[in-house]
Amino acid sequence: MPKARLGVALLVPPPLDAEIDGLRRAVGDPALGRIPAHLTLVPPVNVREVKEAVAVLRRAAAPARPIRLELGPPATFLPDNPVLYLSVHGELDDLQALRDRVFKPPLERTLTWPFVPHVTLADDTTPERIHAALTALADYRAEATFNAVTLLQEGPGRVWTPLADVPLT
């Protein structure tokens, strides 16, 4: 049986998703159009049983409630990783608890980097572009309420599409 490449995220709700995609376009995010604006809970992992992955999300979401977060200001993982992102503040204990509940087999994997809640604006970009964006977007802040956790699957062209949305109830 072939494996599916899956990830788990909180998708930024509309209309804020369009605003963040505008920021992503402005800073030259190469993933724009391939993956929606999101906060990653489980980075890409190869899974044989998609049904079991959905079951993990259902179990993880059952005790949860919608999570209110503030996005911004922008920050970076430089010098270790050339990523520009929106920092995340607010109900971080609830977010961490949800992340811990979804980070279970078959979705659990070895991590390259520790979990830092963030919304990526540009991945693998130049330090010059990152520093310019940090200055230009220094005052950016937005609030969002996340009502569902989403299982995404990578398809042809490295395009990520939602497979399942599980409400946080």
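The values are calculated or read from the model by the stated rules, or taken from the named source; none is laboratory data. Just so we're clear, the structure is a prediction, and the values are computed from it rather than from any experiment. Cβ atoms come from the backbone with ideal geometry, glycine included; neighbour counts cover every protein chain shown.
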### Task
Specify which of the listed residues (Thr120, Thr145) is of a type in the set (Ser, Thr, Tyr) and within 13 Å of Leu23 (Cβ to Cβ).
Thr120
## Note on the structure
Those residues of region 103-114 which are surrounded by 13 or more Cβ atoms within 10 Å (Cβ to Cβ) and free of Cβ contacts under 8 Å to residues at least 60 places away in the same chain amount to Lys104
### Query
Limited to region 50-66, what total is found for residues that are free of Cβ contacts under 8 Å to residues at least 60 places away in the same chain, in contact with a strand residue (DSSP E or B) (Cβ under 9 Å, 6 or more places away or on another chain) and more than 13 Å from Lys104 (Cα to Cα)?
0
### Query
Filtering region 32-44 down to residues that are part of a strand (DSSP E or B) and either aliphatic (A, V, I, L, M) or touching a helix residue (DSSP H, G or I) at 6+ places or on another chain (Cβ under 7 Å) (or both), which residue is surrounded by the fewest Cβ atoms within 10 Å (Cβ to Cβ)?
Leu39
### Message
Cβ-Cβ under 9 Å, sequence separation 6+ or interchain: first residue in region 7-30 and acidic (Asp, Glu), partner surrounded by fewer than 14 Cβ atoms within 10 Å (Cβ to Cβ). Which pairs?
### Response
Asp21/Gly33
### Identity of the residue in region 120-143, out of contact with any Gly (no Cβ under 9 Å at 6 or more places or on another chain) and assigned to a strand (DSSP E or B), that ends up surrounded by the fewest Cβ atoms within 10 Å (Cβ to Cβ)
Asp123
### Summary
The condition of being surrounded by 14 or more Cβ atoms within 10 Å (Cβ to Cβ), assigned to a helix (DSSP H, G or I) and not hydrophobic (A, V, I, L, M, F, W, C) holds, among Asp100, Asp29, Asp94, only for Asp94
### Task
Look at Arg25 and say whether it is within 17 Å of Asp124 (Cα to Cα), out of contact with any strand residue (DSSP E or B) (no Cβ under 7 Å at 6 or more places or on another chain) and among the basic types (Lys, Arg).
yes
### Query
Inside region 104-139, can you point out the residues that are within 19 Å of Leu11 (Cα to Cα) and either in contact with a helix residue (DSSP H, G or I) (Cβ under 9 Å, 6 or more places away or on another chain) or β-branched (Val, Ile, Thr) (or both)?
Leu107, Phe115, Val116, Pro117, Val119, Thr120, Leu121, Ala122
### Query
How do the pairs read when you match residues in region 67-96 that are within 18 Å of Thr150 (Cα to Cα) and modelled with pLDDT of 95 or more with residues anywhere that are acidic (Asp, Glu) and buried (at least 17 other Cβ atoms within 10 Å of the Cβ), using Cβ under 6 Å and keeping only pairs 6 or more apart or on different chains?
Ile67/Glu91; Ile67/Asp94; Arg68/Glu91
## Note on the structure
By residue number, the members of region 4-24 that are β-branched (Val, Ile, Thr) and either assigned to a strand (DSSP E or B) or surrounded by fewer than 23 Cβ atoms within 10 Å (Cβ to Cβ) (or both) are Val8
### Query
Out of region 144-156, which residues are of a type in the set (Gly, Ala, Ser) and either at pLDDT below 95 or assigned to a strand (DSSP E or B) (or both)?
Ala144, Ala148
### Query
Of all residues in region 37-54, how many are in contact with an Asp or Glu (Cβ under 9 Å, 6 or more places away or on another chain) and under 21 Å from Asp94 (Cβ atoms)?
3
